[in-house]
Every structure is written in C-alpha cells, then in structure tokens.
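Student: Let me begin by handing over the structure; questions about it come next.
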Amino acid sequence: MEGHLHEWANLLIRWLHITVGVAWIGASFYFNWLENQLERDGDKPEGVEGTLWAIHGGGFYHLRKFQVAPARLPERLHWFKWEAYYTWISGFLLLAVVYYLNARTNLIDPSVADLSPLTASLIGLATLALSWLVYDGLCRSPLGRKPVALAAVLFALLVLLAWGLSQLFSGRGAYIHVGAAIGTCMVANVFFVIIPGQRAMVAAMQAGRAPDGARGRAGALRSRHNNYLTLPVLFIMISNHFPGTYGSHWSWLILVALAAVGIVIRHYFNVRHLPGRHWPLPVLALAGLVTIVAATAPVALQKNGGDGAGPTVPLAQVRPVIEQRCAVCHAARPSFGGFATPPKGIRLDDDDAIRQHRQQIGQVAVRTHIMPPGNITGITEQERALLERWLNQTAP
Ligand code: HEC
C-alpha cells in the first residue's frame, strides 16, 4: 500500500511539475523570441519600440512593445509568475517524495559517503538555500556590474557544486541537487527580483514618477541568467533516465560539460538574429557533444569465456546473484518494502527476463554501479565481476 501511494504521488507531482515547467519555459522562450524578432524599423506609433505580426491557431496577431510603458496603464495587465512558482513548489515536493523520503535508495551511496537519511536530506536542503544566498550576493556585489566576469565566476561555482555534491551523494542525488539548486535560483530571481522590480515600475508610473533604472537593470540581468540556465536544467530533469551520465565515475564533469554545451546553444539562439557571423557557435556546441559522446564511450571490457580466455559462466551461476541482489525489487511482486511493482517495469525474476535485460544489467551493475541503489542489497565486487564475465561471453 505504501509503495502504491508512493508511486502515485511520484507520478502526479511529476506530471504537474512537467506541465507547469513547460508553461514557464515556453512563456520565457516565447518572450525571448518576441524580443529578438521585433520589427524595430519603419513606421510605428509614438512611444512604440517595435511591432510584430504573427499567425497562430488560425488567427492573426499584432503585437507592439513600448519603449518604456504605455501612456496609460491598461485595466488588465497580465503577469507571468505563477508558472515559475508552481514549478518550484511541485519540484520541491517531487524532490522530497523521490529523494528525501527514499534517501537510502535514491540519495545516499554508502560507497561515496555513508550519511544517514536525515543528514543527507539536510545537506540537500542547505544546498538549495546556500546556492541562492551565494548567487544573489554575487549578483548584488560590485561583480554584478561586470556581467561576463560574473558569468565566469558563476560557472566556476557550478563546477564546484557539481563536484562537491558528487563527493556526498549518489550520482542521481548529486545531479538532481545541482538541478534543484539552479531551479531554485531561477525561481527566486522571479520572486525576489524580477516581479518586485516590475511592481515598482508599475507603481512609479501610477505615481507619475520615472521608473528606477537600477531595478530594471537588475531584473534584466536575472532574466538573462534564467535564459541561459534553461537548457542545463532541462538536461538535469531528464538525466535520471541516463545512468551512463550520472552513474559515471566522471558524473560531475559530464554534467558541467553538457551544461556548457546547453549554454552555447542558448547563446546562439539569443544572438543569431544580430548582424555578424554566428555559425561558429553551433559548430562549437556540436564539437562539444561529439567530444562528450566519444569521451564517455565504455572502455572495452576484457573478453572472457566466449573466446576461451576464462571459464564459461553459465546463467545458473548468475541467477542466484540476481535473485538475491536485484530481484527483491525487480520482480512481478517485489518483496522489498516500499515497491508495489517492479521499478521501471523491469523484472529480473526468471531466466528469460534476465537474458532479455542483459545489456541493461551491464549498464547499471557493471559499467556503472548505480544498481542496486545505494548498494542496499550488498552486492560484492566478486559478484559484479561474475556478472561482467557472464556479459562478456559471446554466447549468452
Ligand atoms: C531496492 C530496490 C532495487 C534493487 C535491489 C535493484 N534495483 Fe534496479 N531499480 C530500482 C529502482 C527504484 C529503479 C528506477 C530508478 C529510476 O527511477 O530511474 C531501478 C532501475 C533499474 C534499471 C533501469 C535503469 C534505467 O534507468 O534505465 C535497471 C536496468 C535495473 N534497475 C537493474 C538492476 C539490477 C541489475 C539490480 C541488481 C544488481 C538492481 N536493479 C537492483 C530499484 C532496485
């Protein structure tokens, strides 16, 4: 029953998180696109910076952007903030359900650091709060007036965070906390800087004062950061489907390398409408991706058994290991507490199923050590070596 409820909580919160996240990032991409495509030349009404025609869903739209603000405030002005807030709230709940309530399986890896679930969860929460305090402090410091230097320092801190967390948590736990820390900064930017800045702007207009330029600039800087962080955060959101990334010995380096590629791609989309040569950016991103793919290629495992280099390992020898170390969870009816169904629908409780999932077993239990999670069933190095010999045989 507990496992059943847990699974539904995970599903429903995740569904909500993805939906509001799509709405937030979609709106953010749309406004960036508007800004970049605005027609600034030609005849425009007084006080208008640019206009734009679009067709969508069978209708024509004509938008205008004001240089500062319209002469009179409209009665209904739409704000874009709840998408961001709901993304954080749902993301935080998901973090709690998946990682803090199941810290032993998802957050902790005793071979990395033998933390108690409470300590691990507190470190996780502190990471989110500290990330924002440090980031916000740097933006407000004199460094905040040098956007390029600030970006370099922030990226260095991102590397440090990814590395540091990889020394404390399981690969998955480290990845999700880097993502949650970035996401927290992005939402806090909206909540503490961008929206209050816009409120002050509206209030100034209503009082007939000129809006405060410094607040406008602060908001623009934070918006920029949010813009560049979207692709890295989206990668981290899907990364838990890819054990080859977070399960790698170099998990933190893979994360920051992919984040860098995401930032370059985002930069290309930000500047490609401007005059100048921009093709080196996608080429650079592609070269980065090719390098990452090549660098993460599995080292060829030594051939055993199949080509006569060692004794053949029959399935009968592997079966007890899988039964004991894996099938407590990966069975039609898991005996491990908290699981109602086999995780990811992967059953390893009979010979056919084991053969069918051969490749995946190699990926999660030999090439990487992400299974059993937190090595909760205590698989030994000898047993992993046995699995490896079995996998390397040409005839399974
Ligand atoms: C404590 C329960 C538990 C044990 C024991 C366990 N697993 Fe898992 N396994 C999980 C969970 C939970 C997931 C889903 C992780 C996720 O949410 O991505 C999973 C996912 C997997 C996946 C899919 C990975 C992916 O994302 O594509 C494979 C393959 C797998 N396990 C194999 C194994 C093998 C092999 C063993 C034994 C060496 C094992 N598991 C032991 C709980 C367990």
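Student: Take the Cβ-Cβ distance between residue 18 and residue 206 as r, set R0 to 51 Å, and report the resulting FRET efficiency rounded to the nearest 0.05.
Tutor: On the way: r = 38 Å, r/R0 = 0.74.
E between residue 18 and residue 206, to the nearest 0.05, is 0.85.
Student: Quick one: ranking 4, 278 by accessible area, 1.4 Å probe, largest first, what do you get?
Tutor: Details: 4 85, 278 35 Å².
My answer, sorted largest first, is 4, 278.
Student: What is the Cα centroid distance between region 60-117 and region 351-396, reported in whole angstrom?
Tutor: Comparing the Cα centres of region 60-117 and region 351-396, I get a distance of 37 Å.
Student: Here is a further query. What nm distance separates the two modelled labels at residue 29 and residue 279, each placed 7 Å from Cα along Cα→Cβ?
Tutor: Placing both labels 7 Å along Cα→Cβ, they lie 2.5 nm apart.
Student: Kindly state, as a whole number, the per residue volume in cubic angstrom of the convex hull around the alpha carbon atoms of region 86-218.
Tutor: Values: hull volume 13.4 nm³, N = 133.
Expressed per residue, the convex hull around the Cα atoms of region 86-218 is 101 Å³.
Student: Tell me which chymotrypsin sites (Phe, Trp or Tyr not before Pro) from region 1-82 have a DSSP coil assignment and no more than 15 other beta carbons within 10 Å of their own. Working shown, then result.
Tutor: Working: sites: 8, 15, 24, 29, 30, 31, 33, 53, 60, 61, 66, 79, 80, 82; in loops: 79, 80.
Hits after loop and neighbour filter: 79.
Student: Report the trypsin sites (Lys or Arg not before Pro) located in region 200-285 that are in a DSSP loop and have at most 12 other Cβ atoms inside 10 Å of their Cβ, or state none.
Tutor: Details: sites: 209, 215, 217, 222, 224, 266, 272, 277; in loops: 209, 272, 277.
Qualifying residues, ordered by number: 209, 277.
Student: Follow-up question, since we're still on this one. Counting only helical runs of four or more DSSP H residues, what would the 222 nm mean residue ellipticity of the chain come to if each run contributes -39,500 (n - 2.57) and the total is spread over all its residues?
Tutor: Details: 14 runs with 225 residues, N = 396.
After summing the helix terms and dividing by residue count, I get -19000 deg cm²/dmol.
Student: Provide the gained length on full extension for the span residue 289 to residue 38, in nm with one decimal, where the gain is 0.36 nm per separating residue minus the Cα-Cα distance. Don't jump to the answer; show the numbers that get you there.
Tutor: Working: separation 251, 0.36 × 251 = 90.36 nm, distance 3.18 nm.
Between residue 289 and residue 38, full extension yields 87.2 nm more.
Student: Now for a separate question. Along its principal axes, what span do the Cα atoms of region 256-388 show, with the longest given first and each in whole Å?
Tutor: Dimensions of region 256-388 along the principal axes of its Cα atoms: 66, 42, 24 Å.
Student: Give me the Kirkwood hydrodynamic radius of region 317-396 in Å, from all C-alpha pairs, to one decimal place? Can you show the working numbers first?
Tutor: Numbers: mean 1/r = 0.0795 Å⁻¹.
Taking the inverse mean of 1/r over all distinct Cα pairs, region 317-396 comes out at 12.6 Å.
Student: Full extension from residue 384 to residue 167: what is 0.36 nm times the residue separation minus their Cα-Cα distance, to one decimal in nm? Don't skip to the answer; put the middle values down first.
Tutor: Numbers: separation 217, 0.36 × 217 = 78.12 nm, distance 2.25 nm.
Extra length from residue 384 to residue 167 when fully extended: 75.9 nm.
Student: Something else: Can you find, among 280, 375, 106, the residue farthest towards the positive end of the dipole of the chain? Put +1 on the C-beta of Lys and Arg, -1 on that of Asp and Glu.
Tutor: Working it through, the farthest residue towards the positive pole turns out to be 280.
Student: While we're on this one: Of 164, 91, 197, which has the largest mean-square fluctuation in a 10 Å C-alpha GNM of the chain?
Tutor: With Cα springs under 10 Å in the chain, the top fluctuation among 164, 91, 197 is at 164.
Student: Further question on the same structure: Could you tell me, in Å, what Rg and Dmax come out for the Cα atoms of the chain?
Tutor: 25.5, 87
Student: So which GluC sites (Glu not before Pro) in region 9-48 end up in coil per DSSP with only 16 or fewer other C-beta atoms within 10 Å?
Tutor: Values: sites: 35, 39, 46; in loops: 46.
Counting only loop positions with at most 16 other Cβ atoms within 10 Å, the GluC sites (Glu not before Pro) in region 9-48 are 46.
Student: Please report the base-10 log of the normalised intensity I(q)/I(0) for region 209-329, using a Debye sum with one equal scatterer per alpha carbon and no solvent, at each q in 0.13, 0.14, 0.17, 0.23 (1/Å).
Tutor: Per q value, in the given order, log10 I(q)/I(0) is -0.78, -0.84, -1.01, -1.27.
Student: Quick one: if you stick a label point 7 Å off each Cα along the C-beta vector at residue 316 and residue 8, how many nm between them?
Tutor: According to this spin-label approximation, the distance is 4.6 nm.
Student: Sticking with this one: For region 250-278 and region 155-214, compute the distance between their C-alpha centroids and round to whole Å.
Tutor: 19
Student: Per the Cauchy relation, a quarter of the hull surface: what is the mean projected area of the convex hull of the alpha carbons in region 1-157, in nm²? Let's see the in-between values first.
Tutor: Numbers: hull surface 62.6 nm².
It is 15.7 nm².
Student: Suppose all protein chains stay in the model; what accessible area per residue would a 1.4 Å probe give for the chain, in Å²? Spell out each step's value before the answer.
Tutor: Details: 22460 Å² over 396 residues.
Per-residue value: 57 Å².
Student: Using a 1.4 angstrom probe on heavy atoms only, work out the carbon and sulfur share of the accessible area of region 2-295 in %.
Tutor: For region 2-295, the apolar C and S fraction of the accessible surface comes to 67 percent.
Student: Dipole of the chain, Cα-centred, from +1 at each Lys and Arg C-beta and -1 at each Asp and Glu C-beta, to the nearest 20 debye? Display every interim value, and only then the final one.
Tutor: Values: 33 positive and 23 negative charges, 211 e Å.
With Lys and Arg at +1 and Asp and Glu at -1, about 1020 debye.
Student: Right, another one. Using a Gaussian network for the chain with springs between C-alpha atoms less than 10 Å apart, which of these wobbles most: 208, 362, 219?
Tutor: The residue with the greatest mean-square fluctuation here is 208.
The values are calculated or read from the model by the stated rules, or taken from the named source; none is laboratory data. No experiment lies behind these values; they were computed from the predicted model shown. Neighbour counts run over all protein chains shown; Cβ positions are idealised from the backbone, glycine included. Just so you know, the surface numbers come from the protein's heavy atoms only, side chains and all, with ligands and any DNA or RNA stripped out. Shrake-Rupley method; radii C 1.70, N 1.55, O 1.52, S 1.80 Å.
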